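Trainee: One structure, as structure tokens, below. Some questions next.
The values are calculated or read from the model by the stated rules, or taken from the named source; none is laboratory data. Only a predicted model underlies this, so the values are computations on that prediction, with no experimental measurement involved. Please note: Cβ atoms are built from the backbone with ideal geometry, for glycine as well, and neighbour counts cover all protein chains shown.
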Amino acid sequence: MVQKGLIYSLLTGLLTGSYALMIILFDQLFKGIGHAGPIYFSVLFFLVIVFVFDPLKKRVQLLIDRILFKGRYDYQKTLMALSNAMSSMLKLDEFMGKILRALTEVMYLDWGYVMLVGEKGDAFQLHSQMGMRSKAKSLSIEKSSPLVQEMGLRKREVTRYNVAEWSSTCSHPSVLKEHFTSLGGTVIIPMLFKGEINGLLVLGNKKSGDLFTSEDLQLLRTLANQCAISIENAKAYQLIEDLNVNLEKMVEERTQELKRALEEKEKAQDLLIRSESLASVGALVAGVAHELNNPLASVSSLIQSAVETMEGLPRAALVESGHGAEDAEETIDDLKFSLKELNRAKDIVASLLGISRQTQEYTEPVSINDVCKDALKVLYNQYKGTGIEMVEAYAKSLPVIRGNFANLGQVCLNIMNNAIQVVDSREGKIVIKTEYDENRSVVIFECSDNGPGIPQEVMKDMFKPFFTTKEVGKGTGLGLYISHEIVRRHNGNIFARNNTQGGATFRVELPVTL
């Protein structure tokens, strides 16, 4: 006000002096030429003022206004430019940076920063800054702060010059001053949207040392309100972008879920079909067991009678019948072995029935070595004369386990039979091995071969029911499944792996529970 008053007083004096000087000059001029009439002088003076002084006065006034109020005109242009920019910018970081940069340049500010609502929504935190204000990075102010509350009630800015006035009417004056000081600004302008503060514009001092004028504050209020609208527009735009991205992601995830659901449905249907098939097999096994038990019992009875009869005959009678004593003993041994195998057949049929019913009929002390040896006797006719080398490596002093001899014999029989079928009949080699792991108290049975090995795609399905790689009519896909179930019911584990030197190894681990 002082500057404007002095300049306008000086201009008024200069203009008044100029008018007086012109009057004196014209008066002397007319006197010198002998025309002192008031009419000529008045008309000429009027024309000079109209065509010379009035335009000159306007030009001087315009020049002085541009010098005194240069900032105001720049502010108007800046406001228009920023308004256009904010209407076209949809990214929050972009237009907040542009606003701060324009304000600090036009108003010649030391620094400025913007605080927006944080993720939790309970405080304002630093979002963008311009100029030297290093401590601003750690600044934050709660929404419940007396300073924020007062700005929300008054709907206007707080400055270094009116903070004392605000404090006098505030319920917590010391806290208000403390929070204002902590932000470090000369002017703090609230960004109002629908009556609520959604951001704070904090500005430092002018580099020239001038104060913020009423025109400055009016511009800042208008700019802050436009910023508040732009902030909400940017948030809405960002929300829509996030929704689009999330929607695409959700659609993709949902599609994957539907695919998994369809796969699970197919698996469930497959398991249902297999369950029904197993139920049918169980019913068939029950009928077969009933039909086989009678002939097996009859044959067993006849062989038992023949063995008892031959063992009751004296050696002389056997010699007279034309058979040597050694032949007679061998015949008796063969009959005893046949009787034993018939009993095993009965047990196997019973075990199939037990598996179909998911029950365990009985347990007994079982030696895995004996189980392996008996299984090899049953399979002897399949590999004799083929060139397959059968290597037996049984552990000595192997502890017995508690289990079902016939069921475990079926496991060994299935594994060994598969090995015989996959190895080369001329160069095939099968190693039957047993051992005892004292640390885990586990008896181990292994069957290794030098065949082609097990493909990875087969490895994961080989213990499933009805899964087989054999041709139709040569395999049911139940052998390994039944073996797996028998081992599981003995609380053991069965594994399969490919050997590094070729071929595959099946490993059965059974706990010692005696």
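Trainee: Does Gln410 count as part of a helix (DSSP H, G or I) and either crowded, with 22+ Cβ neighbours inside 10 Å or of a type in the set (A, V, I, L, M, F, W, C) (or both)?
Mentor: For Gln410, the condition - part of a helix (DSSP H, G or I) and either crowded, with 22+ Cβ neighbours inside 10 Å or of a type in the set (A, V, I, L, M, F, W, C) (or both) - is met.
Trainee: Regarding the stretch 482-494, can at least one residue be identified that is modelled with pLDDT under 90, in contact with an Asp or Glu (Cβ under 6 Å, 6 or more places away or on another chain) and of a type in the set (A, V, I, L, M, F, W, C)?
Mentor: no
Trainee: Only residues in the stretch 143-156 that are assigned by TED's automatic domain parsing to the domain that holds Pro190 count as the first member; pair them with residues that are acidic (Asp, Glu), Cβ under 6 angstrom, at least 6 apart or cross-chain, and list the lot.
Mentor: If the second residue must be acidic (Asp, Glu), the pairs left are Lys143/Asp122.
Trainee: Of all the residues that make up the stretch 246-286, how many are loosely packed, with under 11 Cβ neighbours inside 10 Å and modelled with pLDDT under 70?
Mentor: 4
Trainee: Checking the structure you have, find out if any residue of the stretch 164-175 is small (Gly, Ala, Ser), surrounded by fewer than 17 Cβ atoms within 10 Å (Cβ to Cβ), at negative phi and assigned to a loop (DSSP other than H, G, I, E, B).
Mentor: yes
Trainee: Collect the residues in the stretch 137-181 that are among the small types (Gly, Ala, Ser), under 25 Å from Thr213 (Cα atoms) and touching a helix residue (DSSP H, G or I) at 6+ places or on another chain (Cβ under 9 Å), keeping them in residue-number order.
Mentor: Hits for the stretch 137-181 are Ala164, Ser167.
For (1) closer than 15 Å to Arg156 by Cβ; (2) not acidic (Asp, Glu), each residue gets a yes or a no:
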| residue | (1), (2) |
| --- | --- |
| Ser171 | no, yes |
| Leu183 | no, yes |
| Leu192 | yes, yes |
| Glu196 | yes, no |
| Gly209 | no, yes |
| Thr213 | no, yes |
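Trainee: From Val391, Val378, Val423, Val366, grab the single residue that is at pLDDT below 85, in contact with a Lys or Arg (Cβ under 8 Å, 6 or more places away or on another chain) and in the same structural domain as Gly479 (by TED's automatic domain parsing).
Mentor: Only one candidate qualifies: Val378.
Trainee: Residue by residue through the stretch 106-128, note down the ones that are in contact with an Asp or Glu (Cβ under 9 Å, 6 or more places away or on another chain) and buried (at least 17 other Cβ atoms within 10 Å of the Cβ).
Mentor: Val106, Met107, Phe124, His127, Ser128
Trainee: Then there is this: So is Arg221 within 26 Å of Gly118 (Cα to Cα) and either in a loop (DSSP other than H, G, I, E, B) or of a type in the set (Phe, Trp, Tyr) (or both) or not?
Mentor: When the stated conditions are applied, Arg221 does not pass them.
Trainee: List the residue pairs whose Cβ atoms are under 9 Å apart, where the first residue sits in the stretch 180-199 and is under 21 Å from Gly121 (Cβ atoms) and assigned by TED's automatic domain parsing to the domain that holds Val117, the second is among the small types (Gly, Ala, Ser) and outside any helix (DSSP H, G or I), and the two are 6 or more positions apart or on different chains.
Mentor: So the pair list comes out as Pro190/Gly199; Met191/Gly199; Phe193/Gly199.
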